[in-house]
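The values are calculated or read from the model by the stated rules, or taken from the named source; none is laboratory data. These numbers come from a predicted model, not from an experiment. Here the Cβ positions follow ideal geometry from the backbone for every residue, glycine too, while neighbour counts run over all protein chains shown.
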Amino acid sequence: MAADSTTAGRPAVDRAVAAFAPALIAWQERHGRHDLPWQNTRDPYAVWLSEIMLQQTQVTAVIPYYRRFLERFPTVAALAAAAEDDVLALWSGLGYYSRARNLHRAARLVVERHGGRFPGTQALLEDLPGIGRSTAAAILVFAFGGRAAILDGNVKRVLARLRGIEGYPGETAVAARLWRDAEALLPESGLAAYTQGLMDLGATVCTRRNARCDECPVRSLCAAFETGRVVALPTPKPRKALPQRRTMMLVLQRAGEILLEKRPPAGIWGGLWCFPEEDPGADPVAACARRFGAKVVPGAMLPVIAHGFTHFKLDILPQPAAVKSWPPRAEEAGRLWISPEDALRAALPTPVRDIIMQLIGHRDGSRSAGA
């Protein structure tokens with residue numbers, strides 16, 4: 001970890017503590033973002049919803065989901081009363097679905113434990129599913145006027161460059177250093193503008209690539225700029241080759257409908273509706289006989305879909321098959337025959353949605369060709 005430089009016999013960090021917040025607040029008032037749909041509110045539900053959606057997701061992608069969510073579930077009580085399938089369906093396509101499940105669980109706990117009112121302390125907020133230290137701090141600052149430090153991905157990058165902190169931010173020691181600095185830089189007043197300024201600076205100026213240092217209001221305080229290390233900081237995560245996996249999805253079709261199965265609540269795509277999966281080399285006829293007692297006629301394989309997760313890459317082989325017989329014992333809970341059009345309104349992983357869109361396109365193309 002790099003040592004801080006000194007100026008006139010005093011640590012540069014002291015100068016940063018005194019000058020950083022005023023410069024950032026002044027910049028945010030003139031150049032920051034002020035028209036995002038979750039701004040200019042003290043409603044902790046609206047703040048919390050935006051913070052959860054913004055985790056690992058770009059603002060532009062979040063905005064339409066945020067608006068639809070508030071329209072469908074305008075209060076935490078409305079969200080708590082909703083069925084999980086409805087919550088996941090509205091979240092479908094935004095990714096990282098554990099966020100949606102935790103959102104739903106947290107809403108129910110706010111109603112059960114706190115009478116439908118969000119708690120206003122760090123500890124009680126962190127006790128809710130899906131709310132960590134930084135998210136709780138953002139809720140406290142924006143909804144309750146509290147004084148707390150945030151440390152999301154953008155802020156980690158800003159502080160690592162500002163203070164010249166080397167090492168991957170995901171490492172325990174580096175994260176602890178970043179948290180200490182985040183706390184040390186907090187101003188006594190103007191916390192909402194300061195916190196929003198941190199977010200805005202990281203999102204629009206101190207970006208991961210092509211940082212716009214010429215527009216930075218704290219460039220004169222930045223150790224990375226002074227030492228030519230803006231590109232090098234923060235230290236990237238050590239690269240590992242992601243394992244490659246393959247799976248076959250059985251795209252079973254009967255009387256204009258497709259079969260979907262609900263996945264277990266935990267794990268990849270937990271609680272979402274998917275096509276039945278098999279090993280990539282499996283015989284679809286034998287697999288359907290074994291799993292469902294059904295007789296099927298396979299069709300031509302659809303194009304492979306490549307999908308990436310945090311820890312592995314997945315190639316999906318969609319195997320269509322027409323169902324010729326379907327025994328009553330195959331009609332189990334957690335299985336659903338549904339039209340492709342109606343399926344698109346369900347809680348689906350993105351690759352399943354893509355496969356259904358291919359089916360609709362192929363069908364419509366066939367109709368056009370025969371018209």
Top-ranked residue of the stretch 201-220 - restricted to ones that are outside any loop (DSSP other than H, G, I, E, B) and in contact with a Lys or Arg (Cβ under 7 Å, 6 or more places away or on another chain), ranked as nearest to L36 (Cα to Cα): G202
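Quickly run through the stretch 200-215 and pick out the residues that are acidic (D, E) and surrounded by 15 or more Cβ atoms within 10 Å (Cβ to Cβ).
Start the filter on the stretch 200-215 by keeping residues that are acidic (D, E), which leaves 200, 214-215.
D200 - this is the single residue of the stretch 200-215 that is acidic (D, E) and surrounded by 15 or more Cβ atoms within 10 Å (Cβ to Cβ).
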Considering only residues that are hydroxyl-bearing (S, T, Y) and part of a helix (DSSP H, G or I), look in the stretch 63-112 and name the one that is nearest to D35 (Cα to Cα). Y66
State whether one or more residues within the stretch 158-167 are under 25 Å from V87 (Cβ atoms) and surrounded by 21 or more Cβ atoms within 10 Å (Cβ to Cβ). no
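Listed here are the residues, each with its yes/no results for (1) surrounded by fewer than 17 Cβ atoms within 10 Å (Cβ to Cβ); (2) of a type in the set (A, V, I, L, M, F, W, C).
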| residue | (1), (2) |
| --- | --- |
| S189 | yes, no |
| L198 | no, yes |
| P217 | no, no |
| G228 | yes, no |
| R239 | yes, no |
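So for the stretch 298-314 (the condition being small (G, A, S) and in contact with a Ser or Thr (Cβ under 8 Å, 6 or more places away or on another chain)), does at least one residue qualify? I'd like the intermediate steps shown before the answer.
Our first condition is that a residue be small (G, A, S); within the stretch 298-314, this holds for 299-300, 306, 308.
Restricting the remaining residues to those that are in contact with a Ser or Thr (Cβ under 8 Å, 6 or more places away or on another chain) gives none.
Checking the stretch 298-314: not a single residue is small (G, A, S) and in contact with a Ser or Thr (Cβ under 8 Å, 6 or more places away or on another chain).
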What is the residue count in the stretch 84-113 for residues that are under 15 Å from F69 (Cα atoms) and of a type in the set (A, V, I, L, M)? 8
What about A23, is it without any contact (Cβ under 8 Å) to a residue 12 or more places away in the chain and more than 25 Å from H311 (Cα to Cα)? no
Listed residues A148, A138; which is in contact (Cβ under 8 Å) with a residue 12 or more places away in the chain and within 18 Å of the chain's Cα centre (by Cα)? A138
Subset of the stretch 41-62, residues among the hydroxyl-bearing types (S, T, Y) and either surrounded by 15 or more Cβ atoms within 10 Å (Cβ to Cβ) or in a helix (DSSP H, G or I) (or both), comes to Y45, S50, T57, T60
Report yes if some residue within the stretch 246-259 is touching a Phe, Trp or Tyr at 6+ places or on another chain (Cβ under 8 Å), within 30 Å of K156 (Cβ to Cβ), assigned by TED's automatic domain parsing to the domain that holds I355 and not hydroxyl-bearing (S, T, Y); otherwise report no. no
Of those in the stretch 168-185 that are of a type in the set (A, V, I, L, M) and closer than 17 Å to T135 by Cβ, the residue surrounded by the most Cβ atoms within 10 Å (Cβ to Cβ) is L178
